[in-house]
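The values are calculated or read from the model by the stated rules, or taken from the named source; none is laboratory data. Just so it is clear, the structure is predicted and the values come from calculations on it, not from any experiment. In this analysis, Cβ positions are derived from the backbone assuming ideal geometry, glycine residues included, and neighbour counts consider all displayed protein chains. Areas reflect the complete protein model, heavy atoms only, side chains present, ligands, DNA and RNA absent. Shrake-Rupley method; radii C 1.70, N 1.55, O 1.52, S 1.80 Å.
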Amino acid sequence: MHIKADLGKCLAYANCVAAAPDVYDLEGSFVKVLEPNPSPEHQAAARRGARQCPVKALTIEEETVK
Ligand code: SF4
């Protein structure tokens, strides 16, 4: 799993931080992804945080097993 943040969209609502404080933080007016490749125990919260972003600034790429 890999998280990408589009800082051009982020409006610092901090919903992602509220949902997953171990994964996201705010730095100034933008999200900071603390764990771009979240450990397994943080992945559910990371997904929840991305879903709750009102401007869809967070994209989660799932790794594809080949
Ligand atoms: S919820 Fe979205 S807009 Fe708000 S801080 Fe997180 S990424 Fe930025």
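Which residues, taken from the range 48-66, are assigned to a loop (DSSP other than H, G, I, E, B) and in contact with a Lys or Arg (Cβ under 8 Å, 6 or more places away or on another chain)?
As a first pass, look at the range 48-66 and keep what is assigned to a loop (DSSP other than H, G, I, E, B): 52-57, 62-66.
Passing the criteria: Val55, Lys56, Ala57.
Would you check which residues across the range 18-47 are open to solvent by 50 Å² or more (accessible area, probe 1.4 Å), within 14 Å of the ligand (Cβ to nearest atom), part of a helix (DSSP H, G or I) and farther than 17 Å from Asp6 by Cα and list them?
Matches in the range 18-47: Ala18 only.
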